[in-house]
Amino acid sequence: MTTTSREANWTKWMRAAVAGDSGAYRKFLHAVAPYIRAIARSRCRRLGILESEAEDIVQEVLLTIHLKQGTWDPSREIGPWLTAITRNKIIDVFRRRGRRIEVPIDDVMDSLQAEEELPELRPRDIDALIGKLTCQQQEIVRSISLGGASIRETAERLDMTEIAVRVSLHRALKALGALYRSSTGED
Amino acid sequence: MKTDELIIILSNDGLPRERLWPNLALGTAVGTLVAATLFFGAVGFRPDIAQAVQTIRFSFKFVVTISLAVTAVQASLRLSRPDEDFRSSTSLLVAPILLACAVGIELLVLPSGQWISKLIGHNARICLTLIPLLSIGPLICFMIVLRHGAPSNPGWTGATAGLAASGIAATFYASNCNDDSPLFVATWYPIAILAVCAAGYLIGRRALKW
């Protein structure tokens, strides 16, 4: 598949996602994860950081994509937006870790074009951050991630309304984003 | 947690997305209302406004301040998108260019002996106080809304929000001020506006990080 048709697919899926199609959204996230991973790995390699840390970056970028999708204008292609989010977030992550780096935008685009499928390494940051959420938020997040349970099943199991589960999940994700940002200097 | 698990969680979060533009429109409306309340409560129009609106110098102040407010609100929206930078915000030049043209014409029509007295005017201190003061409400509203953005440069996006807030403030202030010469407007308004921009820059650098 060429880069343009791949990005055209991403744009198509994300437009469907904005219109409320969560299946298309999942497809989109699954499709972009390997490219973010390729960029993060190559950054880590170049800076002499363990490549296992790249998966932490992938997860933080995916969460940012999720929380900031309102800043994407659906009348445009998703590629430049995705590149900008990834680039900004990677700079941010390395700055937090006490390194100043420049990520030229062309460099990111090159990596985006690299068709590599990389195996996923075990990330660590996110579990520590989830541990800082409220008990109820933790339970909801774990229920949906591990069992693959739907919102409705989770609501039944925790004896909550579906709306309450949705709101709590959304707050948990926003809190995770804030926790990532404030994790400066802790590692 | 594996990345696949994270993706499942993210795709289960079906709550409505925070769209920037409607929020910014609301923020602009609320900010303008706050500034209006303060202005009409504590300051008010100049007494001779009925005659003033018939003069071109008075009316032109609003052409400049309103175009500043409109272009700066649009620019702060654009800059809140990560894939945008100042290159797409050339419309910010509209207000300064309009004002520069007015200054040029004023210098042509006004005898040079009056230049200095028109430039100094009578209200410089009030101008430097009221514009920043009236900007506070709109600036806070803009910051709250723009926190949902993802600006590549939080500082400059904050400064642009300051520009938008002071455009609103200057529009109200201009209806009180009886110094209508473009020489006055081009001297004192920018000083007040730059102070608000600097505050916006400093606040934005922290508050608009994402």
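Here are the numbers for this structure:
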| quantity | calculated |
| --- | --- |
| Residue satisfying all of: in segment B:9-22; more than 7 Å from chain A (Cβ to nearest Cβ) and not in a loop (DSSP other than H, G, I, E, B); modelled with the lowest pLDDT among these | B:W21 |
| Yes/no for B:E106 being crowded, with 17+ Cβ neighbours inside 10 Å, among the acidic types (D, E) and over 20 Å from B:K209 (Cα atoms) | yes |
| Tabulated pairs, segment B:113-134, first under 20 Å from B:A195 (Cα atoms), second in a helix (DSSP H, G or I) and polar (S, T, N, Q), C-beta under 7 angstrom, 6+ apart or interchain | B:L119/B:T187; B:I131/B:S166 |
| Unique residue being assigned to a loop (DSSP other than H, G, I, E, B) and modelled with pLDDT of 95 or more when the list is B:F45, B:F39 | B:F45 |
| Residues (in a helix (DSSP H, G or I) and without any contact (Cβ under 8 Å) to a residue 40 or more places away in the chain) located in segment A:29-52 | A:L29, A:H30, A:A31, A:A33, A:C44, A:R45, A:R46 |
| Residues located in segment B:9-26, provided they are surrounded by fewer than 16 Cβ atoms within 10 Å (Cβ to Cβ) and either among the aliphatic types (A, V, I, L, M) or in contact (Cβ under 8 Å) with a residue 12 or more places away in the chain (or both) | B:L15, B:W21, B:A25, B:L26 |
| Members of segment B:184-210 that are closer than 22 Å to B:I116 by Cα and either surrounded by 19 or more Cβ atoms within 10 Å (Cβ to Cβ) or within 14 Å of chain A (Cβ to nearest Cβ) (or both) | B:F184, B:V185, B:W188, B:Y189, B:A192, B:I193 |
| Condition met for B:P47 (free of Cβ contacts under 8 Å to residues at least 12 places away in the same chain and of a type outside the set (D, E, K, R)) | yes |
| Flag for A:P74 being surrounded by fewer than 20 Cβ atoms within 10 Å (Cβ to Cβ), touching an Asp or Glu at 6+ places or on another chain (Cβ under 6 Å) and at pLDDT 85 or above | no |
| Qualifying residue in segment A:3-21 (condition: modelled with pLDDT of 90 or more, at the interface with another protein chain (Cβ under 10 Å from one of its Cβ atoms), closer than 21 Å to A:A175 by Cα and under 17 Å from the mean Cα position of the chain (by Cα)) | no |
| Filtered residues of segment A:73-87 (kept if of a type in the set (K, R) and either more than 9 Å from chain B (Cβ to nearest Cβ) or within 15 Å of A:V18 (Cβ to Cβ) (or both)) | A:R76 |
| Lone qualifier among B:L6, B:L79 - being within 30 Å of A:L146 (Cβ to Cβ), within 14 Å of another protein chain (Cβ to nearest Cβ) and crowded, with 23+ Cβ neighbours inside 10 Å | B:L6 |
| Close pairs from segment A:145-169: first at positive phi, partner surrounded by 12 or more Cβ atoms within 10 Å (Cβ to Cβ), Cβ under 8 Å, at least 6 apart | A:G148/B:I8 |
| Which listed residue is away from every other protein chain (no Cβ under 14 Å) and surrounded by 15 or more Cβ atoms within 10 Å (Cβ to Cβ), from B:A42, B:A100, B:A29, B:A95 | B:A95 |
| Looking only at segment A:111-162, and only at residues there that are among the polar types (S, T, N, Q) and at pLDDT below 85, the one that is surrounded by the most Cβ atoms within 10 Å (Cβ to Cβ) | A:S111 |
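Matching residues to (1) on the phi < 0 side of the Ramachandran plot; (2) touching a Leu at 6+ places or on another chain (Cβ under 7 Å); (3) among the aliphatic types (A, V, I, L, M):
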{"site": "A:N9", "(1), (2), (3)": "yes, no, no"}
{"site": "A:R15", "(1), (2), (3)": "yes, no, no"}
{"site": "A:V18", "(1), (2), (3)": "yes, no, yes"}
{"site": "A:D21", "(1), (2), (3)": "yes, no, no"}
{"site": "A:R26", "(1), (2), (3)": "yes, no, no"}
{"site": "A:L29", "(1), (2), (3)": "yes, yes, yes"}
{"site": "A:A33", "(1), (2), (3)": "yes, yes, yes"}
{"site": "A:A40", "(1), (2), (3)": "yes, no, yes"}
{"site": "A:R43", "(1), (2), (3)": "yes, no, no"}
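The values are calculated or read from the model by the stated rules, or taken from the named source; none is laboratory data. The shown structure was predicted, so the numbers you read here are calculated from the model rather than taken from an experiment. When we count neighbours, we look across all protein chains shown, and the Cβ atoms used for this are built from the backbone with ideal geometry, even at glycine.
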